[in-house]
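For reference, the structure discussed in these notes is given below.
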Amino acid sequence: MRLGGYVLHRDNRDTLEPCLRGLLALCDEVVALDTGATDGSVELARSLGARSVPHAWRGYGAARDAAVKALGPCDYVFYLDSDEHLEPGAVETLRAWKASSPTEAVYRLPRRDWAELDGRRFLFRTQWRARLVRRERAVWKPEQIVHEALPKMAGGRVHAPIEHRFTTSVARRSAKEDRYALLWALRAHAEGRRLKPVGVQRVASWMRDCVLKGALWRGGGDASRLAWAVAGYHSAKYAYLRELRQGRYPELARAYAEGRYDEVFTRVREGALG
């Protein structure tokens, strides 16, 4: 069984090396998709043995599609984000999975989101994510500009944790969630998705991460503040969707509808919402 691996990166030199070492220890081929790095990440990827492939940024869906297409023949695709890595035990578990002649369309792995706040590190939450996908089912589309989840597929689970450096700042995480909420709303608006109550979404998300997933017991007040910031995404995305339905952000909506996703990202990043 042949396994292809990839990571998308830009200026991620501080976290890219452990990410790539895990991929290279497991995969038969590794593509590091460079979306504009200027910090030496490209040279680092090449020095470790990954194949660097340049790619102009147009959103996550287009980048993942380009990374898969850059891989040679393989049976399954495995991917990590540039701020994720595998510990040695997880690599060994995945090697055993690889040798087991897997047949499912997809396999999900637990991703452990770690918070590093004010000199304290704690596990914020664990979520199961589809990361091992049969090559023919690993299909992303350009319109999936953010939160580019694959279609729901029946599959298996592999207990090989992915360690994720989730955040080092509540303020930066909150700003990122707000940008992602607007990007999600642009796609949802184009697809005609229905609205949901704004306030309920935020409270429900806070409860899920703090109480049901146990972040509050591990991180105390820091975890509560982080969970509230993260939960802001779930309320903001429907608030933005409502505004788009009311005619707000017409230039952004037009750019998305016309497939000018690079422009969409640039305008959202720079706050030029129009």
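Throughout, read-outs are computed from the coordinates displayed, never taken from laboratory work. The shown structure was predicted, so the numbers you read here are calculated from the model rather than taken from an experiment. Here the Cβ positions follow ideal geometry from the backbone for every residue, glycine too, while neighbour counts run over all protein chains shown.
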query = What is the total of Lys pairs in the chain with C-alpha atoms under 17 Å apart, excluding same-chain pairs fewer than 8 positions apart?
reply = 4
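Give me D for region 226-270 in µm² s⁻¹, whole number, from Stokes-Einstein with Rh from the Kirkwood sum over alpha-carbon pairs, 25 °C and 0.890 mPa s.
D, rounded to a whole number, is 210 µm²/s.
Taking a ≥ b ≥ c as the square roots of the Cα gyration tensor eigenvalues, with a/c under 1.5 meaning rounded and otherwise prolate when a/b beats b/c, else oblate, which class fits region 152-274?
On the way: a/c = 1.82, a/b = 1.65, b/c = 1.10.
Because a/c hits 1.5 or more and a/b exceeds b/c, region 152-274 counts as prolate.
Given the rule -39500 (n - 2.57) for each run of at least 4 DSSP H residues, summed and divided by the residues of the chain, what is its mean residue ellipticity at 222 nm, to the nearest 500 deg cm²/dmol? Before the final figure, lay out each step's value.
Details: 9 runs with 125 residues, N = 274.
Mean residue ellipticity at 222 nm (helix-derived): -14500 deg cm²/dmol.
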query = Using the Kirkwood radius built from alpha carbon pairs, what does the Stokes-Einstein equation give as D for region 27-172 at 37 °C and 0.692 mPa s, in µm² per second?
reply = 198 µm²/s
message = Suppose R0 equals 30 Å. What FRET efficiency, 1/(1 + (r/R0)^6) with r the Cβ-Cβ distance, do residue 168 and residue 57 give to the nearest 0.05?
response = 0.85
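Within 13 Å, Cβ to Cβ, of residue 3, how many net charges do the neighbouring residues add up to if Lys/Arg are +1 and Asp/Glu are -1? Could you put the intermediate results ahead of the total?
Values: positive: 2, 95, 98, 131, 134, 135; negative: 28, 29, 75.
Net charge around residue 3: +3.
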message = Within 10 Å of each candidate Cβ there may be at most 13 other Cβ atoms; applying that plus a DSSP loop requirement, which GluC sites (Glu not before Pro) in region 198-274 survive?
response = 258
task = Please say if region 1-110 is rounded, prolate or oblate, where rounded means a/c under 1.5 for a ≥ b ≥ c the square roots of the C-alpha gyration tensor eigenvalues, and otherwise the choice is prolate for a/b larger than b/c and oblate otherwise?
result = prolate
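For a protection proxy built on the mean count of beta-carbon atoms within 10 angstrom, sort 30-38, 46-54 highest first, please. Before the final figure, lay out the partial values.
Numbers: 30-38: 20.7, 46-54: 15.6.
Result, highest mean Cβ count within 10 Å first: 30-38, 46-54.
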request  = Considering only 204, 154, 56, give the residue with the highest GNM mean-square fluctuation for the chain, with springs between Cα atoms whenever their separation is below 10 Å.
outcome  = 154
